[in-house]
1. Given the residues 65, 8, 55, 28, which is the only one that is part of a loop (DSSP other than H, G, I, E, B) and closer than 26 Å to residue 137 by Cα?
2. Could you list, in sequence order, all residues of region 85-101 that are within 18 Å of residue 28 (Cα to Cα) and crowded, with 17+ Cβ neighbours inside 10 Å?
3. So, residue 93, is that one modelled with pLDDT under 95 and under 17 Å from residue 55 (Cβ atoms) or not?
4. Checking residue 49 against (1) over 27 Å from residue 131 (Cβ atoms); (2) within 11 Å of the chain's Cα centre (by Cα), only one condition comes out false. Which one?
């Protein structure tokens, strides 16, 4: 992979990394200078990182989780624009699309996780009111 390369424009938090089926790493995180969730993909030919679309979130985000199904990045996060409820998005590497209604959880969330296989996707999160784990299948 070569030398370590810094690529966030500001302080980074809620960092998550996932590999596509070709072993290419994707990284998503909250960029403090933008106050948004963003994603980057490693470009082996240029030995560099490039943006995956524009920002993932419309505003501030936390507890970001990523999974790459095939070559499609899937991200869920605590969406501070939508009452701190969970939002799920996916990308064609040019744009980000909302997979469900933004802020679809009943209550605000903490901690998130996402996984997909050939037929189903699962999103898990901690409900901020009950402190219990919720798992939803899509």
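The values are calculated or read from the model by the stated rules, or taken from the named source; none is laboratory data. Note that the coordinates shown come from a computational prediction; the quantities given were computed from them, not determined experimentally. Glycine gets a Cβ as well: all are built from the backbone with ideal geometry, and neighbour counts include every protein chain shown.
1. Working: 65 fails: part of a loop (DSSP other than H, G, I, E, B); 8 fails: closer than 26 Å to residue 137 by Cα; 28 fails: part of a loop (DSSP other than H, G, I, E, B).
Answer to the selection: 55.
2. Taking region 85-101 first, the residues within 18 Å of residue 28 (Cα to Cα) are 86-99.
Result: 86, 87, 88, 89, 90, 91, 96, 99.
3. Working: modelled with pLDDT under 95: yes; under 17 Å from residue 55 (Cβ atoms): yes.
It is true that residue 93 is modelled with pLDDT under 95 and under 17 Å from residue 55 (Cβ atoms).
4. (2)
Results for (1) closer than 30 Å to residue 119 by Cβ; (2) surrounded by 13 or more Cβ atoms within 10 Å (Cβ to Cβ); (3) touching a residue at least 12 places away in the same chain (Cβ under 8 Å), shown as yes or no for each residue.
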residue	(1), (2), (3)
8	no, yes, yes
21	yes, no, yes
33	no, no, yes
53	yes, yes, yes
65	yes, yes, yes
74	yes, yes, yes
77	yes, yes, yes
